[in-house]
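The values are calculated or read from the model by the stated rules, or taken from the named source; none is laboratory data. Values in this document were obtained by computation on a predicted structure and should not be read as measured data. Here the Cβ positions follow ideal geometry from the backbone for every residue, glycine too, while neighbour counts run over all protein chains shown.
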Amino acid sequence: MLPWRQRWSIGAAVRTPPEISLAPDDLAPLRQVREDVRALTGRGEVTSSPLAGAQLTLSLEPGGRLAYRPAGSGWRGVAALAAAEILLAQQRGQ
């Protein structure tokens, strides 16, 4: 079985999975991100969230493929990737 980063990158718009290091201080914000993702996928409403500040960097890769990477590290990087996947799912009508 592939590591989670490789499995994720296969379906995501990135060739190389990003390196994201987490520290103990990231746990509380990550729990909030998890609850916000649950609320969004359950058609709930999220009014204030760490997802709102998620930042991505876009790049044009060989062959004209647009790719994204988290602009932050730690929980911010995870939140950025989650927000990007939510946006892509919404665009596909999921």
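The residues of segment 65-86 that are loosely packed, with under 14 Cβ neighbours inside 10 Å and modelled with pLDDT under 85, listed by number, are R65, L66.
For the condition part of a loop (DSSP other than H, G, I, E, B), surrounded by fewer than 17 Cβ atoms within 10 Å (Cβ to Cβ), more than 11 Å from the chain's Cα centre (by Cα) and modelled with pLDDT of 80 or more, what is the one hit in E35, E19?
Values: E35 fails: part of a loop (DSSP other than H, G, I, E, B).
Testing whether each residue is part of a loop (DSSP other than H, G, I, E, B), surrounded by fewer than 17 Cβ atoms within 10 Å (Cβ to Cβ), more than 11 Å from the chain's Cα centre (by Cα) and modelled with pLDDT of 80 or more leaves just E19.
The number of residues in segment 44-64 that are over 11 Å from the mean Cα position of the chain (by Cα) and surrounded by 10 or more Cβ atoms within 10 Å (Cβ to Cβ) comes to 10.
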